[in-house]
Amino acid sequence: MAATTAALTTSRSRTSAGRAATSEKASRVRGRVFTYLALSAFGVIFLFPLVYMFVSSLKPDSQILQDIGSPRAFLPVGDISLDNYFGVFARVPVGQFLWNSVLVTVLTVGLGLVVNSMAGFALSRLEWRGRIVVMALVIATLIVPFETIAVPMVYWVAQLPTLVIEGGVLKYDFGWLNTYQVQIVPFIANAFSIFLFAQYFTTIPKSLDEAARIDGASWFTIYRRIVVPLSGPAFATVAILTFLPAWNQYLWPLMVVQKEELRPVMVGMQYFFQLNTAWGEVMAYTSLITIPVLIVFLVFQRAFVSSIAASGVKG
Amino acid sequence: MTVTPPTVAAETPRRSLRRFRSIKGRETWAGLAMMAPAGILLILFLAIPVILAFTLSFTNARLISPNPPRFVGLDNFVRAFTADPVFLQSAWNTFVFALVVVPVQAGLGLLLAVLVNRRLRGVTAFRVIFFVPVVTSIVVVSILWKFMYQKDGLINSMIDTLTFGAWSGVDWLNNPSTALGAIIVLSIWQAVGFHMIIWLAGLQTIPEELYEAAKMDGASPWRQFTNVTWPGLRPTMVFVLVTITIAALGLFVQVDVMTQGGPMASTSTIVFHAVRKGYEQQEIGYASAISLIFFVAVLLVALIQRRLTREKA
């Protein structure tokens, strides 16, 4: 505002040309003020539910109800404690749920990076018969939403063979329901990740491969020693794009995991929610599983945003 | 002695050809070997389930059943369209949801993208803020909003304050005429940041010189938007519309967490209905048929949007 008044006072002593320039400047300032107002209004809309969630998680239900009609609803004031968090841990095995989700997410993302980058390498840097057809098939599968195949897939994984250890003996059994692998293996290969890797790998000069070939390197060595080290951004993009859906998985584990000790956080959350517990505790649970993701996001915020942007521009 | 040179000449290309072929051969093996892990997984967990969705939809398969699935022809599809009012209601709800969410979310996303595309101090902070709901799990978001939508919850208390007590709201999720609308609002809130980023990426591909040229010609900000920005965003628009529509058609989590399809099927959706039939009621055959109908809808939308946006370009 100080800048605006300064611009206005100086404009009086200027020529008409100068006045035109300063009036343009004034309108630019006005535009800027308007933009900030709009941004702040949207900012409030985007943040208030989450602030409300965190604040409520610190209050007993009576306090939540009492604060609801006033701005106190958004402030950590009054009867503040971590009791709701202790309540959650006492009621359900949240630690186990968190561990399950971390395990599933790390393995899905980690194995996915290896498997999909190898496929991307094969499709973008090697000349082999059938390559074009395979590439076309991979891209064609992008149109299939997971929801289409979810139900038939339950039927399918229920019949797949699996190895189980029973009383110290390795046995052969059928049915993947209620296992860790059913939450991981179907999501390792990802057509979109393969596509992103292939796209990125084509930007690395092919002369590097030729030089390495002359030195007697195998294709796998070229992949591992040359292409992978040069593709940090591609790996980061794919890791971020596959991390969120893996952590947030809901529909699939809801259908295939009934054992409590194998449940990921999101499904554990839903069961906890149905116990009809206090809202303060429910908010503590939701805060508990949101905070780690928000921290990861805030730390890698730049990478997150550019990954999403890259996925859109190329799609 | 005079015969030797031609022999050599004839042999050299043949040998090099053979070597070339063997390199090709090795490259083929390397290619197949490196494609194999992903390829096998995609066949097992994508191709086979797709084929299963097709074949099971013509049977009466059940999840756990002593009897093998029996071929029933088009019975499942006939049943969906003639004998299952909840399916028709679900299809309608999904359609209404998409019809509102697609333009509103795309438009709001573009508005936000234009706002944060300026070189202003602190604008990155706003980008981050608008993106926070996207990284928050939709399960968490649904529970949180269910909490706020309660009869005596935060939303109604805010309405009460803003209207000075003139209107104190309704029981949003338990009222058949407001439940779907309530789900629409939180769905837009959650995902609009994602599309803002996509629009923003599109905006940043438009060369700065075009705007400078437009300014030289004395174009107003609105003219700059309609004549420079909008045409430059066409490819982005296709992507945004297709992704929002497909995501909207797949509406499931919000319904499952917040309303279980109720009250009176007013929020049931195609995917929710398929999961309820296939998983809870174990009717895999019928659920596969519904999934297939959903897939055809997704395919049609993608094709129509592609066609429409291509013609204009």
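The values are calculated or read from the model by the stated rules, or taken from the named source; none is laboratory data. It should be emphasised that the depicted structure is a prediction, and the values quoted were computed from it without experimental measurement. Backbone-built Cβ (ideal geometry, glycine too); neighbour counts: all protein chains shown.
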Exercise for review: For B:Thr229, state whether it is assigned to a helix (DSSP H, G or I), in contact with a helix residue (DSSP H, G or I) (Cβ under 6 Å, 6 or more places away or on another chain), of a type in the set (S, T, N, Q) and farther than 30 Å from B:Phe147 by Cα.
Suggested key: no
Exercise for review: Under 9 Å between Cβ atoms, at least 6 apart or on separate chains: pull out the pairs that start in the stretch A:114-140 with a residue that is within 8 Å of chain B (Cβ to nearest Cβ) and end on any residue that is among the basic types (Lys, Arg).
Suggested key: A:Ala122/A:Arg131; A:Leu123/A:Arg131; A:Glu127/B:Lys24; A:Trp128/B:Lys24; A:Arg129/B:Lys24
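State yes or no: is B:Ala219 touching a Phe, Trp or Tyr at 6+ places or on another chain (Cβ under 8 Å) and either of a type outside the set (Phe, Trp, Tyr) or in a helix (DSSP H, G or I) (or both)?
Values: touching a Phe, Trp or Tyr at 6+ places or on another chain (Cβ under 8 Å): no; either of a type outside the set (Phe, Trp, Tyr) or in a helix (DSSP H, G or I) (or both): yes.
No.
From the list A:Phe220, A:Phe187, which one is out of contact with any strand residue (DSSP E or B) (no Cβ under 9 Å at 6 or more places or on another chain) and either in contact (Cβ under 8 Å) with a residue 24 or more places away in the chain or surrounded by 17 or more Cβ atoms within 10 Å (Cβ to Cβ) (or both)? Before you say what the answer is, go through the steps one by one.
Details: A:Phe220 fails: either in contact (Cβ under 8 Å) with a residue 24 or more places away in the chain or surrounded by 17 or more Cβ atoms within 10 Å (Cβ to Cβ) (or both).
Among A:Phe220, A:Phe187, only A:Phe187 is out of contact with any strand residue (DSSP E or B) (no Cβ under 9 Å at 6 or more places or on another chain) and either in contact (Cβ under 8 Å) with a residue 24 or more places away in the chain or surrounded by 17 or more Cβ atoms within 10 Å (Cβ to Cβ) (or both).
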Practice item. Could you check, for the stretch A:84-107, whether at least one of its residues is more than 13 Å from chain B (Cβ to nearest Cβ), among the aliphatic types (A, V, I, L, M) and more than 30 Å from A:Val51 (Cα to Cα)? Key: yes
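Going by what's in this entry, would A:Val185 be described as among the aliphatic types (A, V, I, L, M), within 33 Å of the chain's Cα centre (by Cα) and over 23 Å from A:Val293 (Cα atoms)?
Values: among the aliphatic types (A, V, I, L, M): yes; within 33 Å of the chain's Cα centre (by Cα): yes; over 23 Å from A:Val293 (Cα atoms): no.
Against the criterion (among the aliphatic types (A, V, I, L, M), within 33 Å of the chain's Cα centre (by Cα) and over 23 Å from A:Val293 (Cα atoms)), A:Val185 does not qualify.
Among the helices (runs of 4 or more DSSP H) lying completely within the stretch B:241-313, list those that include at least 2 residues that are in contact with a Gly (Cβ under 8 Å, 6 or more places away or on another chain) and within 9 Å of another protein chain (Cβ to nearest Cβ).
On the way: elements: B:253-258, B:270-275, B:284-312.
Counting at least 2 such residues, we get B:284-312.
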Check your understanding: In this structure, does B:Ala219 turn out to be among the hydrophobic types (A, V, I, L, M, F, W, C) and more than 19 Å from B:Leu108 (Cβ to Cβ)?
Key -> yes
Point to revise | Residue, surrounded by the fewest Cβ atoms within 10 Å (Cβ to Cβ), within the stretch B:230-280, restricted to residues that are within 15 Å of B:Ile184 (Cα to Cα) and hydroxyl-bearing (Ser, Thr, Tyr) | key: B:Ser266
Exercise for review: Mind counting the residues in the stretch B:34-68 that are surrounded by 15 or more Cβ atoms within 10 Å (Cβ to Cβ), of a type outside the set (S, T, N, Q) and not in a helix (DSSP H, G or I)?
Suggested key: 4
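If I filter the stretch B:210-226 for residues that are in contact (Cβ under 8 Å) with a residue 60 or more places away in the chain, more than 27 Å from B:Thr94 (Cβ to Cβ), more than 11 Å from every other protein chain (Cβ to nearest Cβ) and basic (Lys, Arg), do I get at least one hit?
At the first step, the residues of the stretch B:210-226 found to be in contact (Cβ under 8 Å) with a residue 60 or more places away in the chain are B:225.
Next, from what is left, pick out any that are more than 27 Å from B:Thr94 (Cβ to Cβ): B:225.
Next, only the ones that are more than 11 Å from every other protein chain (Cβ to nearest Cβ) stay: B:225.
Remaining after also requiring basic (Lys, Arg): none.
The answer is no, given that none of the residues of the stretch B:210-226 is in contact (Cβ under 8 Å) with a residue 60 or more places away in the chain, more than 27 Å from B:Thr94 (Cβ to Cβ), more than 11 Å from every other protein chain (Cβ to nearest Cβ) and basic (Lys, Arg).
In the stretch B:182-196, how many are facing chain A (nearest Cβ under 10 Å) and either farther than 13 Å from B:Ile244 by Cβ or of a type in the set (Lys, Arg) (or both)?
Within the stretch B:182-196, the first condition is being facing chain A (nearest Cβ under 10 Å), and the residues that meet it are B:186, B:189-190, B:192-196.
In the following step, the residues that additionally are either farther than 13 Å from B:Ile244 by Cβ or of a type in the set (Lys, Arg) (or both) were identified as B:186, B:189.
The total comes to 2.
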**Study point:** Scope the stretch A:256-283; condition assigned to a helix (DSSP H, G or I), at pLDDT below 90 and small (Gly, Ala, Ser); matching residues
**Key:** A:Gly268
Check your understanding: Would you say A:Ile132 is farther than 20 Å from A:Thr242 by Cβ and among the aliphatic types (A, V, I, L, M)?
Key -> yes
Practice item. Go through the stretch A:260-282 residue by residue and tally those that are facing chain B (nearest Cβ under 7 Å) and in contact with a Leu (Cβ under 8 Å, 6 or more places away or on another chain). Key: 1
Exercise for review: May I ask you to list the residues in the stretch A:223-243 that are small (Gly, Ala, Ser) and either free of Cβ contacts under 8 Å to residues at least 40 places away in the same chain or assigned to a helix (DSSP H, G or I) (or both)?
Suggested key: A:Gly232, A:Ala234, A:Ala236, A:Ala239
**Study point:** Total residues in the stretch B:102-151, condition surrounded by fewer than 20 Cβ atoms within 10 Å (Cβ to Cβ), facing chain A (nearest Cβ under 9 Å) and assigned to a loop (DSSP other than H, G, I, E, B)
**Key:** 4
Check your understanding: Would you call A:Glu166 out of contact with any His (no Cβ under 6 Å at 6 or more places or on another chain), under 30 Å from A:Ser231 (Cβ atoms) and acidic (Asp, Glu)?
Key -> no
Point to revise | Of residues in the stretch A:188-207 being part of a loop (DSSP other than H, G, I, E, B) and of a type in the set (A, V, I, L, M), the one farthest from the chain's Cα centre (by Cα) | key: A:Ile204
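So, of the residues in the stretch A:36-52 that are more than 7 Å from every other protein chain (Cβ to nearest Cβ) and in contact with a Phe, Trp or Tyr (Cβ under 7 Å, 6 or more places away or on another chain), which turns out to be nearest to B:Met158 (Cα to Cα)? Spell out how you get there, then give the answer.
Going through the stretch A:36-52, the residues more than 7 Å from every other protein chain (Cβ to nearest Cβ) turn out to be A:36-37, A:40-41, A:44-45, A:48, A:51.
Of the ones still in play, those that are also in contact with a Phe, Trp or Tyr (Cβ under 7 Å, 6 or more places away or on another chain) are A:48, A:51.
Values: A:Phe48: 12, A:Val51: 15 Å.
Residue satisfying both the conditions and the ranking: A:Phe48.
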Practice item. Could you list all residues from the stretch A:148-168 that are within 12 Å of another protein chain (Cβ to nearest Cβ) and part of a loop (DSSP other than H, G, I, E, B)? Key: A:Ala158, A:Gln159, A:Leu160
